[in-house]
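Engineer: Could you have a look at this structure, given as structure tokens, before my questions?
The values are calculated or read from the model by the stated rules, or taken from the named source; none is laboratory data. No experiment lies behind these values; they were computed from the predicted model shown. Don't worry about glycine lacking a Cβ; one is built from the backbone with ideal geometry, like all the others, and counts go over all protein chains shown.
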There are 2 protein chains.
Amino acid sequence: MNVLLVYAHPEPRSLNGALRDFTIERLAAAGHTVEVSDLYAMNWKAVLDAEDTTARLDAGRFDASLDSKHAYKNGLQSADIAREQQKLMRADMVILQFPLWWFSMPAILKGWVERVYAYGFAYGVGEHSDVRWGSRYGEGNLAGKRAMLVVTAGGWASHYGPRGINGPMEDILFPIHHGILYYPGFEVLPPYVVHRTSRMDETRFETIRRELGERLDSLQETKPIAFRPQNAGDYEIPALTLREEVAPGRVGFAAHVA
Amino acid sequence: MNVLLVYAHPEPRSLNGALRDFTIERLAAAGHTVEVSDLYAMNWKAVLDAEDTTARLDAGRFDASLDSKHAYKNGLQSADIAREQQKLMRADMVILQFPLWWFSMPAILKGWVERVYAYGFAYGVGEHSDVRWGSRYGEGNLAGKRAMLVVTAGGWASHYGPRGINGPMEDILFPIHHGILYYPGFEVLPPYVVHRTSRMDETRFETIRRELGERLDSLQETKPIAFRPQNAGDYEIPALTLREEVAPGRVGFAAHVA
């Protein structure tokens with residue numbers, strides 16, 4: 001497999017740095033080809049702006065969507081964006097690895113998503129009509145590929161449990177799993193999460209390497225999260241609400257998992 | 001009141017730009033003092049890194065938390081960070097205004113949070129013991145202040161409804177409302193959300209201005225979201241899970257609202 005690891009941590013001599021190195025070695029040893037986008041090391045431009053295209057649609061007014069569409073369609077994207085899109089297209093499996101900062105991904109990785117996920121590439125794809133609302137949520141240019149998050153968090157597992165004060169980790173990650181990965185077509189594997197990172201010793205680190213290693217060894221067999229595809233009958237179009245008979249009475253993020 | 005508007009949109013000639021100008025005028029006309037952090041116009045540095053302190057704790061290894069703690073405590077923070085913290089301390093009310101990009105705030109605003117929310121300022125505040133887990137979630141340096149989001153989204157309201165495909169807007173915003181605003185002490189007002197931004201005409205824009213105007217006129221009277229304070233008895237410490245008798249049987253984000 002071709003694996004793309006998108007990694008967002010400022011310090012190589014950190015737990016995240018160690019897990020990145022472990023991941024690369026483990027995957028390579030299993031015969032996979034690994035590409036790495038180390039966003040801090042690449043000095044990745046985090047901020048989406050008018051500089052992301054080499055020729056604006058309208059010199060007066062920048063429109064994040066329409067300028068992205070124009071640039072993507074006509075080969076006018078900034079070179080760093082096009083390079084990341086090519087890496088995504090080459091990959092069979094994408095891993096996003098990051099520390100959970102303020103209950104989401106670091107800004108540098110969010111900016112990678114915003115800039116690389118061009119109109120026509122990751123959104124605005126496919127037919128928009130009375131029966132289809134674009135090729136998204138299960139369809140799209142990244143369909144057929146798999147993705148997984150590797151996340152570190154300072155808080156305890158109980159803080160992120162069903163009744164934990166931070167909210168359940170699966171709900172905190174839903175906008176990334178469903179809204180960023182499933183949206184353009186990825187099948188999304190359950191995440192690998194490390195809690196309580198400030199209390200690390202050799203024993204825990206060994207356990208983490210074993211667990212993460214097992215996850216990396218089984219990327220091709222692991223069952224993805226069963227998100228409901230948008231255009232296969234579960235949703236009313238264009239309201240895009242679950243049909244009455246689907247998960248009756250259920251609301252919220254969990255209702256979108258079959 | 002002193003109001004701080006933190007605004008994150010790349011194009012002044014946009015719906016967001018118009019709503020920003022409307023907000024400033026409306027608040028000023030009501031006698032409030034308005035400060036604006038226009039992150040794109042300020043060319044805000046979005047990426048948290050070792051450059052955020054003028055003197056590292058350890059020249060070898062950068063630690064996002066410990067270096068932030070050291071820099072905040074000893075006046076060694078980068079000047080742009082200290083300036084934003086001063087604006088927050090001067091404010092009675094903070095408004096974050098942004099377009100919803102990939103189900104969260106734009107990277108430039110996420111990076112504002114990551115860099116301005118220093119250890120000792122927004123987290124790592126107060127006593128950590130068997131009976132208290134820091135001054136957070138209802139307590140902290142920003143207690144006594146109010147905050148509100150003004151958010152624009154391309155999708156329809158139904159797409160963000162209780163059974164809408166994107167997930168409910170209140171759940172999408174929970175990590176910001178609860179995890180970024182309530183965490184350091186803000187009382188959080190219900191958000192003002194504009195949907196379907198690509199279909200805007202003069203009539204809709206008038207309605208939006210009227211609604212937003214009413215929200216701005218009533219900032220001091222509006223009832224905040226009733227998030228449960230961490231240290232007032234609803235949570236077991238240190239597990240930080242809701243006590244059995246609190247919202248019995250309920251799980252997920254909504255359980256943390258009384």
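Engineer: For residues in segment A:119-154 being buried (at least 20 other Cβ atoms within 10 Å of the Cβ) and facing chain B (nearest Cβ under 10 Å), which is farthest from residue B:239 (Cα to Cα)?
Structural biologist: A:133
Engineer: Does residue A:28 count as closer than 30 Å to residue A:217 by Cβ and not charged (D, E, K, R)?
Structural biologist: Considered against the rule, which asks whether it is closer than 30 Å to residue A:217 by Cβ and not charged (D, E, K, R), residue A:28 comes out as yes.
Engineer: With respect to residue B:116, is the statement that it is more than 14 Å from every other protein chain (Cβ to nearest Cβ) and either closer than 21 Å to residue B:148 by Cβ or at pLDDT below 95 (or both) true?
Structural biologist: Considered against the rule, which asks whether it is more than 14 Å from every other protein chain (Cβ to nearest Cβ) and either closer than 21 Å to residue B:148 by Cβ or at pLDDT below 95 (or both), residue B:116 comes out as no.
Engineer: Do we have any residue at all in segment B:155-170 that's among the β-branched types (Val, Ile, Thr) and more than 14 Å from chain A (Cβ to nearest Cβ)?
Structural biologist: Within segment B:155-170 (the criterion being among the β-branched types (Val, Ile, Thr) and more than 14 Å from chain A (Cβ to nearest Cβ)), the answer is no, since none of the residues qualifies.
Engineer: With respect to residue A:39, is the statement that it is within 14 Å of chain B (Cβ to nearest Cβ), of a type outside the set (Gly, Ala, Ser) and buried (at least 18 other Cβ atoms within 10 Å of the Cβ) true?
Structural biologist: Yes.
Engineer: Quick one: how many residues across segment B:173-186 are surrounded by fewer than 22 Cβ atoms within 10 Å (Cβ to Cβ) and of a type in the set (A, V, I, L, M, F, W, C)?
Structural biologist: 0
Engineer: Restricting to segment B:45-64, what's the tally of residues that are more than 8 Å from chain A (Cβ to nearest Cβ) and touching a residue at least 40 places away in the same chain (Cβ under 8 Å)?
Structural biologist: Qualifying residue count for the region: 2.
Engineer: Scan segment B:187-205 and give yes if some residue there is under 21 Å from residue A:136 (Cα atoms), more than 8 Å from every other protein chain (Cβ to nearest Cβ), of a type outside the set (Phe, Trp, Tyr) and crowded, with 16+ Cβ neighbours inside 10 Å, otherwise no.
Structural biologist: Taking every residue of segment B:187-205 in turn, at least one turns out to be under 21 Å from residue A:136 (Cα atoms), more than 8 Å from every other protein chain (Cβ to nearest Cβ), of a type outside the set (Phe, Trp, Tyr) and crowded, with 16+ Cβ neighbours inside 10 Å.
Engineer: I'd like the full set of residues that are in a loop (DSSP other than H, G, I, E, B), at pLDDT 95 or above and not β-branched (Val, Ile, Thr), limited to segment B:234-258.
Structural biologist: B:234, B:236, B:239, B:240, B:243, B:244, B:245, B:247, B:248, B:250, B:252, B:258
Engineer: Let me ask another. Which pairs turn up if I take residues in segment B:194-209 that are at pLDDT 95 or above and look for partners that are surrounded by 14 or more Cβ atoms within 10 Å (Cβ to Cβ) and among the polar types (S, T, N, Q) with beta carbon separation below 9 Å, at least 6 apart in sequence or on another chain?
Structural biologist: The qualifying pairs are B:194/B:152; B:195/B:152; B:195/B:158.
Engineer: Being β-branched (Val, Ile, Thr) and part of a helix (DSSP H, G or I) is the requirement here; does residue B:208 meet it?
Structural biologist: Yes.
Engineer: Restricted to segment A:78-90, and to residues that are over 13 Å from the mean Cα position of the chain (by Cα) and among the hydrophobic types (A, V, I, L, M, F, W, C), which residue is nearest to the other protein chains (Cβ to nearest Cβ)?
Structural biologist: Filtering segment A:78-90 for residues that are over 13 Å from the mean Cα position of the chain (by Cα) and among the hydrophobic types (A, V, I, L, M, F, W, C), the one nearest to the other protein chains (Cβ to nearest Cβ) comes out as A:81.
Engineer: Same structure again: Would you call residue A:214 under 25 Å from the mean Cα position of the chain (by Cα), without any contact (Cβ under 8 Å) to a residue 24 or more places away in the chain and either more than 14 Å from chain B (Cβ to nearest Cβ) or outside any loop (DSSP other than H, G, I, E, B) (or both)?
Structural biologist: It is true that residue A:214 is under 25 Å from the mean Cα position of the chain (by Cα), without any contact (Cβ under 8 Å) to a residue 24 or more places away in the chain and either more than 14 Å from chain B (Cβ to nearest Cβ) or outside any loop (DSSP other than H, G, I, E, B) (or both).
Engineer: Now for a separate question. Quick one: in segment A:1-16, of everything that is surrounded by fewer than 17 Cβ atoms within 10 Å (Cβ to Cβ) and over 22 Å from residue A:85 (Cα atoms), which residue is farthest from the chain's Cα centre (by Cα)?
Structural biologist: A:13
Engineer: Here's another thing I want to ask about it. When only residues in segment B:224-257 that are within 8 Å of chain A (Cβ to nearest Cβ) and among the polar types (S, T, N, Q) count, which is farthest from residue B:178 (Cα to Cα)?
Structural biologist: Filtering first and then ranking leaves B:241.
Engineer: From the list B:155, B:161, which one is at negative phi, among the small types (Gly, Ala, Ser) and free of Cβ contacts under 8 Å to residues at least 12 places away in the same chain?
Structural biologist: Just a single option satisfies the conditions, and that option is B:161.
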